[in-house]
1. Pairs only if they're at least six apart or on different chains, beta carbon under 6 angstrom, first in the stretch 105-122 and under 16 Å from Pro144 (Cβ atoms), second acidic (Asp, Glu) and surrounded by fewer than 19 Cβ atoms within 10 Å (Cβ to Cβ); list them, first residue then second.
2. Only one of Cys194, Cys170, Cys249 is away from ligand 1 (no atom under 15 Å from the Cβ), over 30 Å from Asp14 (Cβ atoms) and open to solvent by less than 50 Å² (accessible area, probe 1.4 Å). Can you tell me which?
3. Please give the strands (runs of 3 or more DSSP E) falling wholly within the stretch 269-338 in which 2 or more residues are open to solvent by 10 Å² or more (accessible area, probe 1.4 Å).
4. What are the residue pairs meeting all of these: first residue in the stretch 195-215, first residue within 16 Å of Arg338 (Cα to Cα), second residue hydroxyl-bearing (Ser, Thr, Tyr) and crowded, with 18+ Cβ neighbours inside 10 Å, Cβ atoms under 6 Å, and 6 or more apart or on different chains?
5. Has the stretch 79-87 got at least one residue that is in contact (Cβ under 8 Å) with a residue 12 or more places away in the chain, open to solvent by 30 Å² or more (accessible area, probe 1.4 Å) and under 14 Å from Ala142 (Cβ atoms)?
6. Name the one entry in Gly40, Gly29, Gly22 that is within 16 Å of Ile141 (Cα to Cα), in contact with a helix residue (DSSP H, G or I) (Cβ under 8 Å, 6 or more places away or on another chain) and within 16 Å of ligand 1 (Cβ to nearest atom).
7. Could you grab me the full set of residues in the stretch 272-288 that are out of contact with any strand residue (DSSP E or B) (no Cβ under 6 Å at 6 or more places or on another chain) and touching a residue at least 40 places away in the same chain (Cβ under 8 Å)?
Amino acid sequence: MNTKIIYLDENKIDESQIKVAGEILHKGGLVAFPTETVYGLGADATNIEAVKKIFEAKGRPQDNPLIVHVADFESIKEYVLEIPNIAHKIMEAFWPGPLTVILKKSLKIPSITSAGLESVGIRMPANLIARELIKAAGVPIAAPSANISGRPSPTEAERCIEDLTGKIDCIIGGGSCQVGLESTIIDCTTDPPCVLRPGAITVDMLRNFDERIYIDRAIMKKPELDFKPKAPGMKYRHYAPNAPVKIVCGDLQKTIAKINEMVQNYMDDKKLVGIIATDETICQYLQGEVVSLGSRRHIETIAQNLFETLRSFDDMKVDIILSEAFDETGMGIAVMNRLKKSAGFDIIKV
Ligand code: TXA
Ligand code: MG
């Protein structure tokens with residue numbers, strides 16, 4: 001398949017190009033596009049054949065439901081049965097933005113989109129290219145992250161191009177994704193609502209609207225063998241670069257010492273080691289391929305750079321990746337959730 005590649009500037013969107021891409025979606029084709037979280041791989045959420053193609057292009061397991069993206073508040077009413085009060089409040093507060101709200105779905109959302117569930121995740125992205133594209137398509141857009149299943153989500157157009165060229169109709173490049181981690185998912189089909197995936201909209205921010213909101217405990221732990229998470233996607237190996245990842249966790253000076261010791265051992269075995277460091281610590285690693293995610297004082301920057309850094313280690317063809325850990329507070333919860341999954345929960349405590 002010939003993949004059309006379009007580059008757009010979010011601040012000066014070329015409407016004629018958006019129209020072309022919107023038409024592809026409207027006709028049942030696949031278009032990858034930027035959002036503020038990660039790049040998405042879109043199809044008409046109401047078109048069974050189109051949605052099927054998403055699963056095929058990504059190699060995604062069929063039991064993993066897709067998030068439906070909308071461009072305005074009005075249109076969601078058609079796709080859900082009810083909007084509880086609390087859902088109303090948080091959508092009003094955080095949309096457009098990096099938050100997915102799970103609601104009871106209407107019959108207009110086919111079962112393939114929700115992977116057989118009675119609910120549907122809905123999100124209104126903040127990125128203007130994304131919203132203009134959804135408007136141009138004239139249909140709600142089902143969009144998982146635009147990566148081959150299992151790999152770290154793309155936060156740069158080049159990564160979509162790498163994963164999906166030849167497999168989809170069109171890729172819209174629109175620069176780096178600002179947030180860098182996928183949207184927070186909150187399930188509002190239960191009372192109190194429950195956070196199924198942490199993200200930039202933190203649990204503390206959500207609790208301002210209902211202090212009973214809690215985070216599904218299961219998602220921060222290593223899944224048991226028979227684990228059935230409420231967000232089916234959370235059970236799969238995820239965000240994984242080619243090389244295994246190990247996280248060293250504990251006092252920062254002890255972490256650095258431990259990583260340096262491990263690097264030496266791997267190098268003795270002729271292994272190429274990648275190190276995920278921070279601005280505060282990078283000088284203390286004397287060997288290995290060291291990349292800083294940014295300053296520990298800006299967890300948002302760390303989040304923004306995480307997936308791209310994991311992917312850059314694939315380019316460097318490292319044999320093993322060692323990472324520092326981050327405090328599990330605020331957005332650090334989301335960062336550690338993705339990092340632990342990329343490591344398959346291989347954590348060394350110091
Ligand atoms: O930021 C994002 O949400 C990005 C961009 C493209 O919008 N999309 C994204 O989609 O991360 P994806 O498919 O990579 O992750 C969707 C997650 C999966 O873990 C899935 O199981 C969960 O959302 N999910 C979707 N619908 C659900 C539902 N009805 N109930 C529970 N979990 C659901
Ligand atoms: Mg994904």
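The values are calculated or read from the model by the stated rules, or taken from the named source; none is laboratory data. These numbers come from a predicted model, not from an experiment. Note: ideal-geometry Cβ built from the backbone for every residue, glycine included; neighbour counts use all protein chains shown. Ligands, DNA and RNA are excluded from the accessible area calculation, which covers all protein heavy atoms including side chains. Shrake-Rupley method; radii C 1.70, N 1.55, O 1.52, S 1.80 Å.
1. Ala115/Asp63
2. After ruling out the rest, the residue left standing is Cys249.
3. Once the strands (runs of 3 or more DSSP E) in the stretch 269-338 are filtered for at least 2 residues that are open to solvent by 10 Å² or more (accessible area, probe 1.4 Å), what remains is 289-292.
4. Partner pairs satisfying both residue conditions: Gly199/Ser183; Gly199/Thr184; Ile201/Thr184.
5. Checked against the condition, which is being in contact (Cβ under 8 Å) with a residue 12 or more places away in the chain, open to solvent by 30 Å² or more (accessible area, probe 1.4 Å) and under 14 Å from Ala142 (Cβ atoms), the stretch 79-87 yields no hits at all.
6. Only one candidate qualifies: Gly40.
7. Once the filter is applied, which keeps residues that are out of contact with any strand residue (DSSP E or B) (no Cβ under 6 Å at 6 or more places or on another chain) and touching a residue at least 40 places away in the same chain (Cβ under 8 Å), the stretch 272-288 yields Leu272, Thr281.
Results for (1) open to solvent by 10 Å² or more (accessible area, probe 1.4 Å); (2) within 15 Å of Ile185 (Cα to Cα); (3) touching a His at 6+ places or on another chain (Cβ under 7 Å), shown as yes or no for each residue.
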position: Phe33; (1), (2), (3): no, no, no
position: Ala43; (1), (2), (3): no, no, no
position: Lys53; (1), (2), (3): yes, no, no
position: Pro61; (1), (2), (3): yes, no, no
position: Val68; (1), (2), (3): no, yes, no
position: Phe73; (1), (2), (3): yes, no, no
position: Met91; (1), (2), (3): no, yes, no
position: Ile129; (1), (2), (3): no, no, no
